[in-house]
Structure formats: structure tokens, C-alpha cells
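Working notes, structure below.
The values are calculated or read from the model by the stated rules, or taken from the named source; none is laboratory data. If you're wondering where the values come from, they're calculated on a predicted model, not measured in any experiment. All Cβ positions, glycine included, derive from the backbone under ideal geometry; neighbour counts span all protein chains shown. In case anyone asks, the SASA skips ligands and DNA or RNA and just uses the protein heavy atoms, side chains included. Shrake-Rupley method; radii C 1.70, N 1.55, O 1.52, S 1.80 Å.
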Amino acid sequence: MKRIRQTVKTENPILQAPQRSKKPKTFFYGSSFGKSHLQTLMDWGTLPLHVVLHIFQFLPLVDRARASSVCRRWNEVFHIPDLWRKFEFELNQPATSYLKSTHPDLIQQIIKRHADDLQYVSFKVDSSTESAEAACDILSQLVNCSIKTLGLISTAKPSFMNVSKAHFASALTVVFVNSKSLSSIKIDDTPVDDPSLKVLVANNSDTLKLLKMSSCPHVSPAGILCVADQCHGLRELALNYYILSDELLLALSSEKHVNLEHLRIDVVSENPGQIEFHTIKKQSWDALVKHSPKVNIVMYFFLYEEEFDAFFREETPVTHLYFGRAVSKAMLGRIGMNCPRLIELVVCANGLQPLDDELICIAERCKNLTAMGLGECEVTCRGFIEFVKMCGGRLTQLSIMEEVLIPDNDYNLDQIHSEVSKHLGRMWFPDMMPTW
């Protein structure tokens with residue numbers, strides 16, 4: 001007789017087999033959220049405006065524009081003036097440049113809705129004339145702006161130099177007249193002229209602190225002198241040597257003028273022998289240093305050897321020297337004798353004559369020297385070690401190609417790094433040319 005198996009169905013939870021309890025899901029950083037919390041977290045539209053604004057400030061413009069389409073609230077944040085204080089217009093021709101460009105529709109939206117908000121503006125253009133002219137067209141429309149800093153950057157020449165002087169001056173004048181509070185202007189390699197600078201001075205003389213205008217062939221010594229005479233708050237100035245004058249240095253040294261902090265001078269020659277360089281009097285340099293004792297005077301030289309005759313015949317208070325072409329032993333010797341304030345020296349090339357004596361003279365007389373770079377030059381290992389020994393630990397930057405060093409009877413290339421490291425008080429190795 002078969003037994004019938006009875007199945008007992010019970011409703012008592014105690015008698016039921018225990019079920020495995022589910023752990024709450026763990027989200028970011030181990031925090032546990034219920035369903036309601038997760039829904040609140042996913043409702044991005046409820047984030048406070050200041051939080052969204054902070055996030056937007058870290059986003060590239062394209063991502064910021066895409067995010068503005070998420071909801072109406074984010075679109076409102078997209079147009080908050082604080083996000084448009086600083087803006088860089090990138091203007092490039094797709095056919096000739098691989099660089100990205102600011103979309104034309106966005107440019108028009110900025111001009112229409114945010115021209116009043118712009119304060120720190122720069123234009124980055126490629127080498128094409130079309131891009132430079134487009135930048136001028138945008139500048140001409142900024143009639144209600146209050147720009148504080150303006151930068152015109154050419155990623156390659158000729159760019160702005162191919163724009164007609166009248167078109168460029170007209171566009172720049174719009175900004176100079178309407179801003180009234182410009183403090184920083186970078187207009188290197190542009191056709192800016194003397195009349196444009198007079199407009200700048202007439203409207204922004206009380207606020208201008210920085211002016212960089214190297215390679216501006218239409219500016220005369222009288223034009224830059226006008227700026228120095230009127231803009232007494234000018235602290236940084238960059239210009240070409242041909243418009244540097246004794247009168248300019250004296251104007252920068254007047255009692256009304258604040259202490260100059262940085263003076264950059266580009267000394268450039270494209271055609272050897274066609275430019276005769278004038279000499280600045282020692283008294284003018286002395287007046288500048290007396291008025292501004294902490295001023296950095298930076299000089300970039302792109303000359304041929306026969307064109308250096310006018311320089312460093314007398315004591316010159318230069319602090320940073322960069323030679324982009326070959327410089328003679330005699331020139332380096334004059335630097336050692338007449339540049340006591342020298343802090344940094346970079347020599348791209350010299351020739352096949354060892355520079356031992358010149359370097360030792362520089363180490364002995366230039367007590368502030370902290371940085372040295374040598375490219376296609378020659379120095380004996382003993383001479384170089386003597387130079388480093390005299391400078392000691394104050395040489396914080398020392399960049400010397402291994403090919404520069406010539407082994408001698410005292411030291412070879414295997415020994416030099418340990419000797420130099422000993423005198424510097426830190427590990428040092430010469431730079432090596434890549435072999436690929």
C-alpha cells in the first residue's frame with residue numbers, strides 16, 4: 001500500500017526557509033541610496049545654479065554648448081556673464097590649417113548677446129590673410145565692450161601683416177576707444193602704427209600696464225615714446241631694438257612713472273649688413289636701473305656675427321640674453337666684462353673655437369648668473385668644470401649638449417658628470433642629442 005506524501009503549506013513566516021536578505025546597492029564612493037535618493041540624484045536640472053556654473057567653467061566651449069541643450073535651466077547658465085569674461089576666438093582656414101575654429105554662428109551669438117561681458121579677449125589665427133581679416137571684422141563690432149586684456153596671436157606668419165594698415169588700425173581703434181580700461185595688450189607682428197597708439201594713450205593711459213609689440217614696423221621711436229610719456233603705470237614692455245632710444249629709457253625713468261618690471265628687446269636682422277644698429281648711452285641705462293632697480297631686461301639677438309659691433313661696448317644692465325644665431329668669442333668676452341647683472345645666458349651656436357676663457361670671465365664677473373645653455377659650441381672639459389666650480393650651487397639651470405664638451409688631458413666625458421655634480425651639489429648629466 002503506497003503512502004501518500006502530504007504537502008503542508010504554511011503561512012507562518014517563521015516556518016518558512018529563511019531568505020537571503022538583499023544588501024542595498026552601493027553607488028559612488030560606497031554611499032548607499034534608496035530609490036528616491038537615486039531619482040533626486042539623476043534630476044540634474046535641480047542642481048543649484050552656482051554648482052552648474054562651476055562645472056561649466058571647466059568644460060571646453062563645445063561641451064558647454066552641448067550641455068546647454070539638456071534643459072532650460074542649463075541654457076540659462078550657459079549665458080551667465082561670468083562664463084564670457086574670458087574668450088579666445090580661434091580663426092583658421094580649413095583648407096590650409098588643421099587647427100580648430102570657432103563656429104561662425106557662435107561668433108555672431110557672442111557679438112549679439114555677450115559683447116558687453118567680454119573682458120579678457122584673445123584672437124588666435126593661422127597664417128592666412130582671411131583669418132586675420134576675420135579677426136579685424138570681429139574687433140570692429142565690439143563697440144560696447146569693456147575689454148581689459150587683448151591679445152592677437154599668429155600661429156604662423158604673415159597673418160596680420162598682410163592686412164591693410166587702414167583696416168587693422170580701424171578695427172583696433174574701436175577697441176581702444178570703447179574699452180577705456182585696457183591693462184594688457186599683446187599685438188606682436190601687426191601693422192599697428194603711431195596714430196593707433198595715440199588713440200590707445202588718449203583712452204587708456206591710466207590703466208595700461210603691459211604692452212607687447214615686437215616686430216611692428218609701422219611704429220616709430222616717437223610713437224612708443226608717446227606711450228611711455230603718458231602711461232605712467234606701464235610695468236611691462238616688449239619692442240624691437242630699432243624703436244628703443246635714450247629718450248624712451250629716460251621717459252620710463254621719470255618720477256611720474258612706476259617701477260618698470262620687465263623690458264624685452266628683440267634685436268633682429270633678416271639681411272646681413274643692411275641695418276646699422278645705433279648705440280644706447282650708458283647714462284640712459286643707468287637712469288633706468290636707478291629708477292627701477294629690480295627690472296628684468298631681456299634681449300633676444302637674431303644677428304649675424306658682423307652685426308654685433310654696436311652692442312656691449314659699455315656696461316649694459318641686461319639680465320637675460322638669448323642668441324639665436326652664431327655669436328663670436330669677442331662678443332661673449334664683452335658680455336663677461338660689461339654685463340654684471342646677467343642672470344641667464346643661452347648661446348645657440350659659436351663655432352669651433354673653445355670658449356673656456358669667456359665662460360670663466362662670465363663666471364667671475366656675473367655674480368648673479370643662475371642659468372646657462374650652450375648649443376653648437378666648444379668647451380674643454382677642464383674649462384667647463386672650472387666655470388661650474390666658480391659658479392657653484394647658484395647655477396640652478398645648466399643645459400649643455402654632450403657634443404659641446406671636448407675631452408682633455410684632465411677629464412673625459414665619463415668623468416665630467418660626477419665632477420660637475422659635486423660642484424653643483426646635485427646630480428647632473430649633459431644633454432644628449434636623440435639618435436632617431
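Residues that are touching a Gly at 6+ places or on another chain (Cβ under 9 Å) and closer than 19 Å to Glu364 by Cα within the stretch 293-345 comprise Lys329, Leu342, Glu344, Leu345, listed in sequence order.
Applying the set (1) aliphatic (A, V, I, L, M); (2) within 24 Å of Gln415 (Cα to Cα); (3) open to solvent by 10 Å² or more (accessible area, probe 1.4 Å); (4) modelled with pLDDT of 95 or more to Ile343 leaves exactly one unmet item: (2).
Does Glu315 satisfy the criteria of being touching a Cys at 6+ places or on another chain (Cβ under 8 Å), at pLDDT 90 or above and either open to solvent by 50 Å² or more (accessible area, probe 1.4 Å) or under 22 Å from Leu263 (Cβ atoms) (or both)? Yes; evaluated as a whole, the condition is true for this residue.
Condition first: open to solvent by 20 Å² or more (accessible area, probe 1.4 Å) and touching an Asp or Glu at 6+ places or on another chain (Cβ under 6 Å). Now tell me which residues in the stretch 67-84 satisfy that.
Our first condition is that a residue be open to solvent by 20 Å² or more (accessible area, probe 1.4 Å); within the stretch 67-84, this holds for 69-76, 79-82.
Passing the criteria: only Pro81.
In this entry, Met390 passes the filter for residues that are open to solvent by 10 Å² or more (accessible area, probe 1.4 Å) and in a helix (DSSP H, G or I).
Is there a residue being part of a loop (DSSP other than H, G, I, E, B), surrounded by 10 or more Cβ atoms within 10 Å (Cβ to Cβ) and at pLDDT below 80 anywhere in the stretch 44-51? Yes, some residue in the stretch 44-51 is part of a loop (DSSP other than H, G, I, E, B), surrounded by 10 or more Cβ atoms within 10 Å (Cβ to Cβ) and at pLDDT below 80.
Of all residues in the stretch 258-270, those satisfying the criterion of being open to solvent by less than 10 Å² (accessible area, probe 1.4 Å), of a type outside the set (Ser, Thr, Tyr) and without any contact (Cβ under 8 Å) to a residue 40 or more places away in the chain are Leu260, Leu263, Ile265. Considering the stretch 152-203, the residues that are of a type in the set (Ser, Thr, Tyr) and outside any helix (DSSP H, G or I) include one that is surrounded by the most Cβ atoms within 10 Å (Cβ to Cβ), namely Thr190. Is it true that Val227 is open to solvent by 30 Å² or more (accessible area, probe 1.4 Å) and out of contact with any Pro (no Cβ under 7 Å at 6 or more places or on another chain)? No, not satisfied. Pairs meeting the criteria (first residue in the stretch 352-372 and exposed (fewer than 15 other Cβ atoms within 10 Å of the Cβ), second residue β-branched (Val, Ile, Thr), beta carbons under 6 Å, at least 6 apart or on different chains) are Asn368/Ile343. Hey, any hits in the stretch 97-117 for a residue that's touching a helix residue (DSSP H, G or I) at 6+ places or on another chain (Cβ under 7 Å), assigned to a loop (DSSP other than H, G, I, E, B) and open to solvent by 40 Å² or more (accessible area, probe 1.4 Å)? Scanning the stretch 97-117 turns up no residue that is touching a helix residue (DSSP H, G or I) at 6+ places or on another chain (Cβ under 7 Å), assigned to a loop (DSSP other than H, G, I, E, B) and open to solvent by 40 Å² or more (accessible area, probe 1.4 Å). Of the residues making up the stretch 241-264, one or more are over 21 Å from Ser146 (Cα atoms), touching a strand residue (DSSP E or B) at 6+ places or on another chain (Cβ under 8 Å) and basic (Lys, Arg). Of the residues in the stretch 426-436, not one is crowded, with 17+ Cβ neighbours inside 10 Å and closer than 19 Å to Leu303 by Cα.
Taking the criterion of being part of a loop (DSSP other than H, G, I, E, B) and buried (at least 17 other Cβ atoms within 10 Å of the Cβ), the residues of the stretch 232-244 that qualify are Leu234, Arg235, Leu244.
I'd like to check something: does the stretch 276-284 contain any residue that is more than 23 Å from Lys165 (Cα to Cα), without any contact (Cβ under 8 Å) to a residue 40 or more places away in the chain and surrounded by 19 or more Cβ atoms within 10 Å (Cβ to Cβ)? Taking every residue of the stretch 276-284 in turn, at least one turns out to be more than 23 Å from Lys165 (Cα to Cα), without any contact (Cβ under 8 Å) to a residue 40 or more places away in the chain and surrounded by 19 or more Cβ atoms within 10 Å (Cβ to Cβ).
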